[in-house]
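Structure in structure tokens, see below.
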């Protein structure tokens, strides 16, 4: 499979001279299995450029393209590129959208809401491509062409899910957004009065966090590449633990426990400059025998049979 990063930032896009090397667009990763349909993970602002490249191909430009979009959760930085995804406006193209099932609203309604006239000039009903929605339950497994997909719950407001994509004798795990699994359990929505990191946990909360961590470790087991949320430094996490993000040390801990080969630092803090990310990367490489990289826009990796 081929893996390409189109957006690597968290929270909001930050174009500019201080982010040129790693990129300023929000989360979007493309997986291209050998002989299978394109799989896109998250639809942040990086999706816009991917859409333009797809439309330059014969299949999508002529209205014969098909892609599958795995959404970790529907916070804006993970869906805000979708209204600008050019293949949606070409009749004949097909987009299959997957995300976690919720009891209070439907996935299609959530996606269409950001195209309402209060926010956008083109209603979702005017999209010309065929769009199908599939709501997932935690732990579900399914196939997209030759790729085997599984998912696990994460520790994040609105509840995000992680994905494992196995195909072409390779495995990629995508784990963003999540807080660590030791201090605070984020049950559903934003925590208005969060406990302090290190405070004793209720036994039932500790059990839930332990099960959640075990699920993520299993998801990453033996992965060739683990793409992991590392938005915070330890000091930033201590002041904002309820925001649902991790530190590089947390990513390394999970990847080591899973026996993964490479971990990619991802969902970079928008205020983190390229030079500061270089420093974070250097420090991480001194703490583990794993291969550690920092995700950057346009970085493309070949895994498995395509290596």
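Along Cα→Cβ, 7 Å out, is where each label goes; now give me the distance between the ones at residue 204 and residue 169 in nm to one decimal.
Inter-label distance under the simple model: 4.9 nm.
Using only alpha carbon positions, build the gyration tensor of region 189-307, then give the equivalent ellipsoid semi-axes as the square roots of 5 times its eigenvalues, largest first, whole angstrom.
26, 19, 12
Continuing with this model, one more query. So for the chain, averaging the separation of alpha carbon pairs under 8 Å that are six or more residues apart and normalising by length, what relative contact order in percent results?
The value is 19 percent.
Could you give P(r) for region 1-103, binned at 10 Å from zero, as whole percent values over all Cα-Cα pairs?
16, 47, 29, 7, 0
Please give the calculated 222 nm ellipticity per residue for the chain, where each DSSP H segment of at least 4 residues contributes -39500 (n - 2.57) and the sum is spread over every residue; nearest 500 deg cm²/dmol?
Numbers: 7 runs with 68 residues, N = 307.
Theoretical 222 nm ellipticity from helices: -6500 deg cm²/dmol.
Given R₀ = 30 Å, FRET efficiency for residue 134-residue 182 by Cβ-Cβ distance, to 0.05?
Working: r = 32 Å, r/R0 = 1.08.
The pair residue 134/residue 182 has a calculated efficiency of 0.40.
For 133, 120, what's the fewest-to-most ordering of other Cβ within 10 Å of each Cβ? Walk me through the intermediate numbers first.
Numbers: 133 18, 120 13.
Taking fewest neighbouring Cβ atoms as first place, the list is 120, 133.
Could you give the distance between the Cα centres of region 76-101 and region 121-164, to the whole Å?
Value for the Cα centre distance between the two parts: 11 Å.
Would you order 70, 54 from fewest to most other beta-carbon atoms within 10 Å of each residue's own beta-carbon? If you can, show how the numbers build up before the last one.
On the way: 70 25, 54 22.
Least crowded to most crowded, the residues run 54, 70.
Using 5 Å bins from zero, what percent of all Cα-Cα pairs in region 253-295 falls into each bin?
Per 5 Å bin, starting at zero, the Cα-Cα P(r) for region 253-295 comes out as 5, 22, 32, 22, 13, 6, 0 percent.
Which order results if 72, 27 are arranged by neighbouring Cβ count within 10 Å, fewest first? Numbers along the way, then the final one.
Numbers: 72 28, 27 35.
Placing the least packed residue first, the sequence is 72, 27.
Related question: Compute the long axis of helix 203-220 from its Cα atoms, compare it with the longest principal axis of the Cα atoms of the chain, and write down the angle in degrees, 0 to 90, nearest 10.
Taking the Cα atoms of the chain, the angle to 203-220 is about 50 degrees.
I've got another one for you. For a quick check, take a GNM of the chain with Cα springs below 10 Å and name the residue from 207, 43, 67 with the largest mean-square fluctuation.
Maximum among the listed residues: 207.
So which residue, out of 109, 206, 129, gets the largest mean-square fluctuation from a GNM of the chain using Cα contacts under 10 Å as springs?
Fluctuation is largest for 109.
Here's a follow-up. If one takes the longest principal axis of the Cα atoms in the chain, at what angle in degrees, from 0 to 90 and to the nearest 10, does the Cα axis of helix 46-55 lie?
Result, in degrees: 30.
Now, a different point. Considering only the chain, what is the antiparallel percent among its DSSP beta bridges, to the nearest 5? Intermediate results must be reported in sequence, preceding the final value.
On the way: 26 of 56 bridges.
Restricted to the chain, the bridges split so that about 45 percent are antiparallel.
Compute the long axis of helix 248-258 from its Cα atoms, compare it with the longest principal axis of the Cα atoms of the chain, and write down the angle in degrees, 0 to 90, nearest 10.
Roughly 90 degrees, rounded to the nearest 10.
In nm, to one decimal, how far is the modelled label at residue 122 from the one at residue 287, with both set 7 Å along Cα→Cβ?
It works out to 4.3 nm between the two label points.
Please compute P(r) over all alpha-carbon pairs of region 2-306, binned at 10 Å starting from zero, and give each bin as a whole-number percent.
Using 10 Å bins, I get a P(r) of 6, 28, 37, 22, 6, 0 for region 2-306.
In percent, what relative contact order does region 171-307 have, based on Cα pairs under 8 Å that are 6 or more apart in sequence? Don't skip to the answer; put the middle values down first.
Numbers: 208 pairs, mean separation 36.2, N = 137.
Averaging sequence separation for qualifying contacts and normalising by length gives 26 percent for region 171-307.
Let me ask something additional. Send over the per residue convex hull volume for region 64-149, Cα only, as a whole number of Å³.
Values: hull volume 8.4 nm³, N = 86.
Given the Cα convex hull of region 64-149, per-residue volume reads 98 Å³.
We did not get these values from a lab; they are worked out from the coordinates using the rules stated. Only a predicted model underlies this, so the values are computations on that prediction, with no experimental measurement involved. Cβ atoms come from the backbone with ideal geometry, glycine included; neighbour counts cover every protein chain shown.
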